[in-house]
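J.: My questions all concern the structure below.
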Amino acid sequence: MADLLVEFFQWGFGVTLVPWLAIILGIVVGILAIVLPLLLVVAMSVYMDRKVWAAMQMRRGPNVVGPWGLMQSFADGLKLFLKETIIPASANKFIFLLAPALTFILALVGWAVIPFDAGMVLADLNVGILYIFAISSLGVYGIILSGWASNSRYAFLGALRSSAQMVSYEVSMGFVLVTVLMCAGSLNLSEIVMAQKDTFLGVNGYWFTPLFPMMIIFFISALAETNRPPFDLPEAEAEIVAGYQVEYSSMAFALFFLGEYANIILMCAMTSILFLGGWLPPFDWEPLYLIPGWIWFFGKIFFMFFVFAWVKATVPRYRYDQLMRLGWKVFLPISLLWVVLTGLFLLLTDKIPA
Amino acid sequence: MIYAICFYLFATITVFSAIMVISSRNPVHSVLYLILAFFNSAGLFVLLGAEFIAMILVIVYVGAVAVLFMFVVMMLDIDYSELRKGFQKYLPIGGLIGLILLAELLLVGFGWGLSGPVTTDPATAIPALNEMSNTEAIGSLLYTKYAFLFQMAGLILLVAMIGAIVLTHRARPGVKKQNINDQVMRRRGDAYDIVKVKPGQGLG
């Protein structure tokens with residue numbers, strides 16, 4: 001990237017860039033190349049979400065603004081942008097405004113290590129998966145801080161529910177990651193994807209391997225991590241209005257909303273990288289590799305996002321004690337057992353990756 | 001040069017936020033500064049080439065331990081003027097402990113300076129990064145060379161955890177608990193009978 005920029009500036013403006021400036025500029029261009037399309041995808045995914053629910057409930061969904069209602073998200077965004085940001089008198093102003101910004105930034109920062117194609121990654125960390133895990137464990141701060149800073153009971157209850165929920169499901173999620181790591185033998189996301197090439201009869205990804213149950217646990221934990229139904233107790237409308245978001249308006253609310261969707265898409269991307277073979281085509285068959293990898297990757301993210309919307313449209317909300325029971329008494333023992341079984345399997349069949 | 005700028009940036013923010021942890025009036029702000037300090041220390045670890053430790057620091061301390069701190073601090077109803085009251089009373093003993101710690105730190109620093117140059121460059125990971133990633137290096141040390149000690153540490157923590165549960169758990173009588181299995185296994189016939197009542201006869 002840096003070399004390309006140096007060439008570009010010499011060709012376009014006749015200026016030679018200093019090496020360190022070229023490096024910094026290269027990083028900035030890389031960040032923009034990920035974030036700008038991502039925001040567009042977030043806007044369109046809100047639209048898709050609403051259309052999928054509408055179709056499942058035999059409604060039409062957004063269909064007025066633009067052709068087929070395509071511009072609905074942008075109209076909503078404009079409306080939010082023009083509204084007044086209300087800060088409650090008894091709120092802690094700085095933290096109140098910090099919280100939505102934190103949620104949004106953390107939702108974007110995670111994308112730095114996602115490989116979109118072979119070598120198409122901003123930061124090829126060799127602990128990429130730990131980075132994602134660290135960033136997603138920070139997400140709880142945006143919510144807990146907003147709940148506390150709003151100085152409202154509804155918001156505080158929502159924040160407490162949310163943080164307890166996120167901390168609980170992170171544990172089983174960590175164990176699921178360990179099973180994948182043991183099979184792939186690396187913490188680098190690109191190497192994890194490459195390890196899924198031809199796992200069973202020419203199928204790429206962990207579809208027909210003993211890791212498939214772990215994918216289901218990962219997916220359900222991802223629903224809980226992103227506060228999606230059936231685990232949307234932190235914002236349960238019927239009980240605590242909108243939970244931690246209750247005092248927010250205008251762009252502060254929009255940042256929460258965008259951050260939530262960016263996080264959901266990040267979780268879809270993680271599921272497809274960890275279990276569905278990332279940018280690899282579904283079958284290890286030569287002609288399929290002619291289609292660029294990032295198209296396969298987006299296809300998989302699209303599919304996972306559809307499943308997210310599908311779950312929201314069909315499943316009723318959990319009760320809080322049931323949610324905690326599922327996290328601690330069902331998922332944690334199963335994933336822990338699976339770590340041991342996977343280790344034993346790899347050891348006995350002599351398949352431990354070097 | 002970028003390396004040096006990053007180092008001084010992370011180091012300054014770490015020291016600054018560490019001071020703010022003990023000097024800020026609002027305990028929630030203190031916890032936030034503590035998180036900032038953890039975060040910048042993670043940055044320093046990354047600069048040292050110890051990316052695994054940096055990530056674990058963020059996951060464990062920021063993602064779990066500080067969340068618990070935050071939970072506790074937020075739920076406390078703190079009277080700030082009450083907190084300042086004991087300041088004069090505890091100043092001598094607090095100051096003494098601070099002085100002892102300072103003296104120890106200085107001793108360590110001087111001792112390190114006097115013992116001559118270190119034979120290996122402390123900034124390079126052992127073994128070299130291009131041979132083995134440091135995740136692998138830590139793994140092979142912990143799980144092969146120090147496997148026994150590692151397992152012992154794990155057992156001690158497990159005992160502490162079970163101990164805490166035993167101390168705080170009490171079985172209260174007369175509490176109705178939900179048994180999910182019973183609920184799922186319940187059949188229609190367990191709950192009610194369908195009785196055909198003949199007109200004019202009743203159930204008698």
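J.: Would you mind checking the tilt of helix B:147-168 against the longest principal axis of the Cα atoms of chain B, expressed as 0 to 90 degrees and rounded to 10?
T.: For B:147-168 against chain B, the angle is about 50 degrees.
J.: While we're here: Compute the long axis of helix B:27-47 from its Cα atoms, compare it with the longest principal axis of the Cα atoms of chain B, and write down the angle in degrees, 0 to 90, nearest 10.
T.: 60
J.: Still on this structure, please answer the following. How big is the stretch A:174-216 along each principal axis, measuring the range of its Cα positions in Å and listing the largest first?
T.: 28, 22, 12
J.: A follow-up question, please. At 30 Å minimum axial length over the Cα atoms and a Kyte-Doolittle cut of 0.5, report the qualifying DSSP H helices in chain A, or say none.
T.: Both cut-offs are met by A:19-56, A:128-149, A:153-184, A:250-274, A:293-314.
J.: Moving to a separate point now. With the convex hull built on the Cα atoms of the stretch B:1-61, state its orientation-averaged projected area in nm².
T.: Its Cα hull, projected and averaged over all orientations, spans 4.0 nm².
J.: Have a look at A:Gly14, A:Gly128, A:Gly343 and tell me which one the Gaussian network model of chain A (Cα, springs below 10 Å) gives the largest fluctuation.
T.: A:Gly14
J.: Moving to a separate point now. For chain A, modelled as a GNM with alpha-carbon contacts under 10 angstrom, which of A:Ala195, A:Ala89, A:Ala149 fluctuates the most?
T.: Of the options given, A:Ala89 has the highest mean-square fluctuation.
J.: Only Cα pairs within less than 10 Å get springs; with that Gaussian network setup on chain A, which residue of A:Leu145, A:Leu201, A:Leu177 has the largest fluctuation?
T.: Maximum among the listed residues: A:Leu201.
J.: How large is the convex hull of the Cα atoms of the stretch A:76-135 per residue, expressed in Å³ as a whole number?
T.: Expressed per residue, the convex hull around the Cα atoms of the stretch A:76-135 is 124 Å³.
J.: Once you have the Kirkwood Rh of the stretch A:179-282 from its Cα pairs, apply Stokes-Einstein at 20 °C and 1.002 mPa s and quote D in µm²/s.
T.: Translational D for this selection: 138 µm²/s.
J.: Only helical DSSP H runs with n ≥ 4 go in: add -39500 (n - 2.57) per run for chain B, normalise by residue count and round the 222 nm mean residue ellipticity to 500 deg cm²/dmol.
T.: -21000 deg cm²/dmol
J.: Give the Rg (one decimal place) followed by the Dmax (whole number) of chain A, computed from C-alpha coordinates and expressed in Å.
T.: Cα only, chain A: 21.6, 66 Å (Rg, Dmax).
J.: Relative to the longest principal Cα axis of chain B, at what angle does helix B:87-114 sit, 0 to 90 degrees, rounded to 10?
T.: Rounded to the nearest ten degrees, it is 50.
Computed from the coordinates by the stated procedures, all read-outs in this text should not be read as laboratory data. In this text the structure is predicted, and so the values were computed from the model without any measurement.
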